[in-house]
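Worksheet: one structure, shown below.
The values are calculated or read from the model by the stated rules, or taken from the named source; none is laboratory data. Quick caveat: nothing in here was measured; it's all calculated off a predicted structure. Cβ coordinates were reconstructed from backbone atoms using ideal geometry, including for glycine residues, and neighbour counts include every protein chain displayed. Ligands, DNA and RNA are stripped out before the accessible areas are found, and what is left, the full protein with its side chains, is counted by its heavy atoms. Shrake-Rupley method; radii C 1.70, N 1.55, O 1.52, S 1.80 Å.
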Amino acid sequence: MHHRTTVAGLAGALALSALMTPAAAQADDFSGDIRITKVVVNGGKDIVLGTTDVKTFTIAVTATDDSGIEVGNTFPVMYHTPLPNGDAHGLVMPDDIAGDCVRQSLTTTTCTYTLRMNPRIHPQDNTTAGTWTVRAHALANDGDYYTKDPAAKARVLRNSKLTVNASPEPVKKDRTITVTGALTRANWETHKYGGYAKQPVKLQFKKKGTSTYKTLKTVTTDSTGNLRTTTKATADGYFRYSFAGTSTTPAAASAGDYVDVK
């Protein structure tokens, strides 16, 4: 059975904000035998934000009680840092706090919520890149309630980009090739991409006619995120750079740059 109820207007948003204040969350708050059993953010994947595009994702909350779950009163918020004044540094709430609810059984219901993160609004600055916390609330038909904090954790990351250029091309066999590139990531304060300094990046090669890249060496980006190294031309194939990612920035790989070896 599906249920959907919309809480419209400023009053609904203010009520949700007051109830779900992250700074007040020091431990779970509950009454009765209701429990929140599962919370899944973005299908278990990281939330990656660039500099302009709004990211839409979901949070699914499963709750159970012997009387059943009251639809329209199970909802989450996600935040980065609670502040002493009751605000949060980085905070996002569902578009519709009722969500799209599916009753799994007489006692258990899963409600899925749509949330949106705007890189120019919700992160606030680059310090919120990394782990965010989900606080979830559920109400049972018999009045039991449960507010769980933390109910889940999720990573919100600054999008990364990686480029490569191998030259000269074509090149004679066993001659030296220079491979340059750049590793950049989204800056949520300037709303531009900037160089990611002092990061290890793998130079990889895929021989023509094969399907697998092999790592040749590891190169460290300079103070502006640029990459530069040399290698020998041994066969026709593709060069690329590959970045493993960090706790604030996702992995990235450049497109392959083909080199014809004579």
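Identify the residue in the range 172-193 that is part of a strand (DSSP E or B) and open to solvent by 30 Å² or more (accessible area, probe 1.4 Å) and, among all such residues, is farthest from residue 117 (Cα to Cα).
176
Specify the residue that is surrounded by the most Cβ atoms within 10 Å (Cβ to Cβ); the eligible residues are those in the range 240-262 that are in contact with a Ser or Thr (Cβ under 8 Å, 6 or more places away or on another chain) and either among the β-branched types (Val, Ile, Thr) or assigned to a strand (DSSP E or B) (or both).
This residue is 241.
Can you confirm whether residue 235 is open to solvent by less than 40 Å² (accessible area, probe 1.4 Å), modelled with pLDDT of 95 or more, farther than 26 Å from residue 125 by Cα and not in a strand (DSSP E or B)? Steps first, answer last, please.
On the way: open to solvent by less than 40 Å² (accessible area, probe 1.4 Å): yes; modelled with pLDDT of 95 or more: yes; farther than 26 Å from residue 125 by Cα: yes; not in a strand (DSSP E or B): yes.
When the stated conditions are applied, residue 235 passes them.
Name the single residue that is farthest from residue 163 (Cα to Cα) among those in the range 195-225 being surrounded by 15 or more Cβ atoms within 10 Å (Cβ to Cβ) and under 25 Å from the mean Cα position of the chain (by Cα).
Ranking the qualifying residues of the range 195-225, first place goes to 199.
Residues in the range 87-99: is at least one surrounded by fewer than 20 Cβ atoms within 10 Å (Cβ to Cβ) and over 18 Å from residue 57 (Cβ atoms)?
Yes, the range 87-99 contains at least one residue that is surrounded by fewer than 20 Cβ atoms within 10 Å (Cβ to Cβ) and over 18 Å from residue 57 (Cβ atoms).
Every residue in the range 148-161 that is in contact with a Phe, Trp or Tyr (Cβ under 7 Å, 6 or more places away or on another chain) and open to solvent by less than 20 Å² (accessible area, probe 1.4 Å), please.
154, 156, 160
Would you confirm whether or not the range 197-211 contains a residue that is of a type in the set (D, E, K, R), at positive phi and modelled with pLDDT of 95 or more?
For the range 197-211, residues of a type in the set (D, E, K, R), at positive phi and modelled with pLDDT of 95 or more: present.
Taking residue 166 as the residue in question, decide whether it is more than 21 Å from residue 39 (Cα to Cα), of a type outside the set (D, E, K, R) and in contact (Cβ under 8 Å) with a residue 60 or more places away in the chain.
Against the criterion (more than 21 Å from residue 39 (Cα to Cα), of a type outside the set (D, E, K, R) and in contact (Cβ under 8 Å) with a residue 60 or more places away in the chain), residue 166 qualifies.
Of everything in the range 39-70, what is open to solvent by 50 Å² or more (accessible area, probe 1.4 Å) and either among the hydroxyl-bearing types (Ser, Thr, Tyr) or free of Cβ contacts under 8 Å to residues at least 40 places away in the same chain (or both)? Give them in sequence order.
Hits for the range 39-70 are 43, 44, 45, 52, 56, 58.
Which ones in the range 119-147 are out of contact with any Ser or Thr (no Cβ under 9 Å at 6 or more places or on another chain) and under 18 Å from residue 193 (Cα atoms)?
121, 123, 124, 125
Kindly indicate the residue of the range 110-132 that is open to solvent by 10 Å² or more (accessible area, probe 1.4 Å) and assigned to a strand (DSSP E or B) and also farthest from residue 46 (Cα to Cα) among those meeting that condition.
110
Could you figure out which of (1) of a type outside the set (Val, Ile, Thr); (2) in a strand (DSSP E or B); (3) open to solvent by 70 Å² or more (accessible area, probe 1.4 Å) isn't true of residue 169?
(2)
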